[in-house]
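Okay, structure first, notes after.
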Amino acid sequence: MKKVKDISLSKDLTVVDLVKQFHDVGGFTAKKLAVASDVLKKMEGEKDCFKFLSFPACITATGIKSVVRDLVKEKKFDAIITTPGTVVHDLARLWQDYYEGSFEADDKKLYEEGINRLGNVFIPNSSYGEILEKRLQPIFKKIYDSVENKVLAPYELVWKIGEQLENEPNKEDSIVYWCYKNKVPMFLPGITDGALGFQLIMFRQDHKDFKIDVFKDESLLEEIVFTHKNTGALMIGGGISKHHVIWWNQFKDGLDYAVYLTTAVEYDGSLSGARVREAVSWGKVKPDAKYITVEGEATILLPLLASQLL
């Protein structure tokens, strides 16, 4: 058996070295995080391994957005699967500010003042719906004029939006921009949801021939899983983002590497609460895959994990 060791703290201790020490603490979430770090490093070093990153949009409304951006910028993942809110939070924060708030705020008062609360983040209407309509509609028009057949896959739309950011002074702060720049497809299986979907619906009212072909996204995902010997994924949170990763990977007999970060419980049968081991029964993760579920909140765990990759 391996002996439990104590963490040694010092003023010169780096985040990278701290996570390395988690290997020896013996138990609980710190140990799991260290194992997750090992799985991701092995995944990164695996030849011909296609790497997925999935997450819900909410984390991009926080300062953790830059961690995701850097993972894409440094090409640590080959594709993103997320919800449409990722695109709009990413863009909105290029053009306006979000603000620190409180979980205990008076929501009725916030509504009266035109402030939307996302957890403990405050998002004024001027920083969300208003700025998105003002800036996205002209972008859609430029994209529309540049596309001959007026049909785009969701991942192609994201790249086209990223291309339109070239003249933005702070473009390098954007996840969307780096997806375009590095040709990392961002798959949006729920593209009609939320502000992005609504802005597309508004644009299409006067441009009936403009179409988003969701099946083109699925065709590319099909090609990915059938042409890569190995696949791996870092999955943050649950819902459609997580499920789309594991669903497609069952067609190659499952993921070879899987790290899952979640705050959800398992006993209600939800996909968000389902541990990675449940996906083994579906063939979505290989029985002999390197995998682990880490219980904890992404704004804490993701920077710690990313520090090991970056």
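Can you report the number of residues in region 244-269 which are in a helix (DSSP H, G or I), closer than 19 Å to Lys42 by Cβ and more than 18 Å from the chain's Cα centre (by Cα)?
Result for region 244-269: 1.
Can you tell me which of (1) under 25 Å from the mean Cα position of the chain (by Cα); (2) closer than 30 Å to Ile240 by Cα; (3) among the hydrophobic types (A, V, I, L, M, F, W, C) is the one Val15 doesn't meet?
All conditions are met except number (2).
Under 30 Å from Lys160 (Cα atoms), in contact with an Asp or Glu (Cβ under 8 Å, 6 or more places away or on another chain), of a type in the set (D, E, K, R) and surrounded by fewer than 23 Cβ atoms within 10 Å (Cβ to Cβ) - does that describe any residue in region 41-60?
Yes, because at least one residue in region 41-60 is under 30 Å from Lys160 (Cα atoms), in contact with an Asp or Glu (Cβ under 8 Å, 6 or more places away or on another chain), of a type in the set (D, E, K, R) and surrounded by fewer than 23 Cβ atoms within 10 Å (Cβ to Cβ).
So if I check each of Glu74, Glu100, which one is surrounded by fewer than 19 Cβ atoms within 10 Å (Cβ to Cβ) and over 20 Å from Ala36 (Cβ atoms)? Full working, then the answer.
Working: Glu74 fails: over 20 Å from Ala36 (Cβ atoms).
Going through Glu74, Glu100 in turn, the sole match is Glu100.
Looking only at helices (runs of 4 or more DSSP H) that fall completely inside region 133-212, which ones have 2 or more residues that are touching an Asp or Glu at 6+ places or on another chain (Cβ under 6 Å)?
Passing ranges, in order: 154-163, 175-181.
Working carefully through the options Leu165, Leu196, find the one that is in contact with a Phe, Trp or Tyr (Cβ under 9 Å, 6 or more places away or on another chain) and either among the aliphatic types (A, V, I, L, M) or surrounded by fewer than 18 Cβ atoms within 10 Å (Cβ to Cβ) (or both). Lay out the reasoning, then the answer.
Working: Leu196 fails: in contact with a Phe, Trp or Tyr (Cβ under 9 Å, 6 or more places away or on another chain).
From the options Leu165, Leu196, the qualifying one is Leu165.
What about Ser272, is it in contact (Cβ under 8 Å) with a residue 12 or more places away in the chain, in a loop (DSSP other than H, G, I, E, B) and either farther than 16 Å from Lys51 by Cβ or small (Gly, Ala, Ser) (or both)?
For Ser272, the condition - in contact (Cβ under 8 Å) with a residue 12 or more places away in the chain, in a loop (DSSP other than H, G, I, E, B) and either farther than 16 Å from Lys51 by Cβ or small (Gly, Ala, Ser) (or both) - is met.
Six or more apart or on different chains, Cβ under 7 Å: which pairs go from a residue in region 131-152 that's of a type outside the set (A, V, I, L, M, F, W, C) to one that's at pLDDT 95 or above and in a loop (DSSP other than H, G, I, E, B)? Could you list them?
Filtered contacts from region 131-152: Lys142/Gln164; Tyr144/Lys150; Tyr144/His207; Tyr144/Phe210; Lys150/Asp209; Lys150/Phe210.
Go over the candidates Ile292, Ile236 one by one and state the one that is within 21 Å of Lys42 (Cβ to Cβ), touching a Pro at 6+ places or on another chain (Cβ under 9 Å) and touching a residue at least 60 places away in the same chain (Cβ under 8 Å). So that I can check it myself, show each step before the final result.
Values: Ile292 fails: touching a Pro at 6+ places or on another chain (Cβ under 9 Å).
Ile236 is the lone residue from the list that is within 21 Å of Lys42 (Cβ to Cβ), touching a Pro at 6+ places or on another chain (Cβ under 9 Å) and touching a residue at least 60 places away in the same chain (Cβ under 8 Å).
Identify all residues within region 215-249 that are closer than 24 Å to Ser37 by Cα and either polar (S, T, N, Q) or surrounded by fewer than 15 Cβ atoms within 10 Å (Cβ to Cβ) (or both); write none if there are none.
Lys229, Asn230, Thr231, Ser241, Asn249
Would you check if Thr299 is touching a strand residue (DSSP E or B) at 6+ places or on another chain (Cβ under 8 Å), closer than 19 Å to Val68 by Cα and either surrounded by 15 or more Cβ atoms within 10 Å (Cβ to Cβ) or among the hydroxyl-bearing types (Ser, Thr, Tyr) (or both)?
Values: touching a strand residue (DSSP E or B) at 6+ places or on another chain (Cβ under 8 Å): no; closer than 19 Å to Val68 by Cα: yes; either surrounded by 15 or more Cβ atoms within 10 Å (Cβ to Cβ) or among the hydroxyl-bearing types (Ser, Thr, Tyr) (or both): yes.
For Thr299, the condition - touching a strand residue (DSSP E or B) at 6+ places or on another chain (Cβ under 8 Å), closer than 19 Å to Val68 by Cα and either surrounded by 15 or more Cβ atoms within 10 Å (Cβ to Cβ) or among the hydroxyl-bearing types (Ser, Thr, Tyr) (or both) - is not met.
Tally up the residues in region 217-270 that are farther than 25 Å from Cys58 by Cα and of a type in the set (D, E, K, R), please.
6
State which residue is nearest to Leu271 (Cα to Cα) when the search covers only region 30-65 and only residues that are assigned to a helix (DSSP H, G or I) and of a type in the set (Val, Ile, Thr).
Our first condition is that a residue be assigned to a helix (DSSP H, G or I); within region 30-65, this holds for 30-45, 57-61, 65.
Pick out the ones that are also of a type in the set (Val, Ile, Thr) and you get 35, 39, 59-60.
Numbers: Val35: 22, Val39: 22, Ile59: 19, Thr60: 22 Å.
Filtering first and then ranking leaves Ile59.
Quick check on Thr82: is it polar (S, T, N, Q), in contact (Cβ under 8 Å) with a residue 24 or more places away in the chain, within 24 Å of Ile224 (Cα to Cα) and touching a helix residue (DSSP H, G or I) at 6+ places or on another chain (Cβ under 7 Å)? Working first, answer last.
Values: polar (S, T, N, Q): yes; in contact (Cβ under 8 Å) with a residue 24 or more places away in the chain: yes; within 24 Å of Ile224 (Cα to Cα): yes; touching a helix residue (DSSP H, G or I) at 6+ places or on another chain (Cβ under 7 Å): yes.
Considered against the rule, which asks whether it is polar (S, T, N, Q), in contact (Cβ under 8 Å) with a residue 24 or more places away in the chain, within 24 Å of Ile224 (Cα to Cα) and touching a helix residue (DSSP H, G or I) at 6+ places or on another chain (Cβ under 7 Å), Thr82 comes out as yes.
Which residue, of Ala258, Ala264, Ala279, is buried (at least 22 other Cβ atoms within 10 Å of the Cβ), free of Cβ contacts under 8 Å to residues at least 60 places away in the same chain and small (Gly, Ala, Ser)? Please lay out each step first, then the result.
Working: Ala258 fails: free of Cβ contacts under 8 Å to residues at least 60 places away in the same chain; Ala264 fails: buried (at least 22 other Cβ atoms within 10 Å of the Cβ).
Exactly one residue qualifies, and that residue is Ala279.
If Ser10 passes every condition in (1) on the phi < 0 side of the Ramachandran plot; (2) exposed (fewer than 14 other Cβ atoms within 10 Å of the Cβ); (3) in contact (Cβ under 8 Å) with a residue 12 or more places away in the chain; (4) part of a loop (DSSP other than H, G, I, E, B) but one, which one does it miss?
In the conditions (1) on the phi < 0 side of the Ramachandran plot; (2) exposed (fewer than 14 other Cβ atoms within 10 Å of the Cβ); (3) in contact (Cβ under 8 Å) with a residue 12 or more places away in the chain; (4) part of a loop (DSSP other than H, G, I, E, B), Ser10 misses (3) alone.
The values are calculated or read from the model by the stated rules, or taken from the named source; none is laboratory data. What you see is a predicted model; the values in this text were computed from it and never measured. Note: ideal-geometry Cβ built from the backbone for every residue, glycine included; neighbour counts use all protein chains shown.
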